[in-house]
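J.: Below is the structure I would like to discuss, written out as C-alpha cells.
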Amino acid sequence: MEALHDNSWHVKSADEDMKEATEWLQKTEQLEKQYREELAAAGNDEQKKIEVVRRIADQVGMPPRLALGVMNRPIVSMINHYYMHVKAADPTPSQSSVSLWTCKTCGTENEGVFCKECRAMRH
Ligand SMILES: [Zn+2]
C-alpha cells in the first residue's frame with residue numbers, strides 16, 4: 001500500500017503504533033462522552049477534574065506515543081498530565097487509593113465525584 005501523502009503520521013513501520021493510538025483515542029472519546037457531565041460540572045476545579053480524569057485514565061491506560069500527537073484535544077493532554085504528574089506523584093496502587101465517601105443526602109457509599117444513587121456532588 002503506497003501512501004500518496006507523506007505526512008508525519010505515515011512513517012514506515014508505524015502501522016502498529018497507529019493502530020494502538022487509534023484504538024486508544026476511540027476508547028478515550030467514548031469515555032469522555034460517558035463522563036461529559038462530570039467533567040463539565042468539575043469546571044475549573046482541578047481536584048474534581050483530576051478525579052474524573054483518573055477514572056478515565058485508569059480504564060484507557062497511558063496515551064500511546066502517537067496519541068500524544070493530538071494533544072490539542074483537552075482530554076488527551078489531561079490524561080497525559082495525569083500520568084506524568086498526578087499518578088507519578090502518588091505511588092499508592094490505584095485499588096487502595098480509592099477514597100470512599102458517604103452521601104449525606106441518601107447515605108450511599110461512593111468513590112466518584114457524584115453520588116451514584118442521587119447524583120449529588122461529593123461533599
Ligand atoms: Zn446520594
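The values are calculated or read from the model by the stated rules, or taken from the named source; none is laboratory data. Everything numeric in this text was worked out from a predicted model, so none of it was measured. Cβ placement follows ideal geometry from the backbone for every residue including glycine, while neighbour counts extend to all protein chains displayed.
J.: Taking HIS123 and the conditions (1) within 16 Å of the ligand (Cβ to nearest atom); (2) modelled with pLDDT of 80 or more, which numbered condition does it fall short on, given that it satisfies the others?
T.: (2)
J.: I need every pair where a residue in the range 15-40 that is over 16 Å from ILE79 (Cβ atoms) has its Cβ under 9 Å from the Cβ of a residue that is of a type in the set (Phe, Trp, Tyr), sequence separation at least 6 or different chains.
T.: So the pair list comes out as MET18/TRP9; GLU37/PHE114.
J.: Something else: Which of the residues belonging to the range 101-116 are within 23 Å of GLY43 (Cβ to Cβ) and near the ligand (Cβ under 9 Å from one of its atoms)?
T.: Answer for the range 101-116, where residues must be within 23 Å of GLY43 (Cβ to Cβ) and near the ligand (Cβ under 9 Å from one of its atoms): CYS103, LYS104, THR105, ASN110, PHE114, CYS115, LYS116.
J.: Considering the range 101-111 alone, what residues qualify as being assigned to a loop (DSSP other than H, G, I, E, B) and touching an Asp or Glu at 6+ places or on another chain (Cβ under 7 Å)?
T.: Scanning the range 101-111 gives CYS103, CYS106, THR108.
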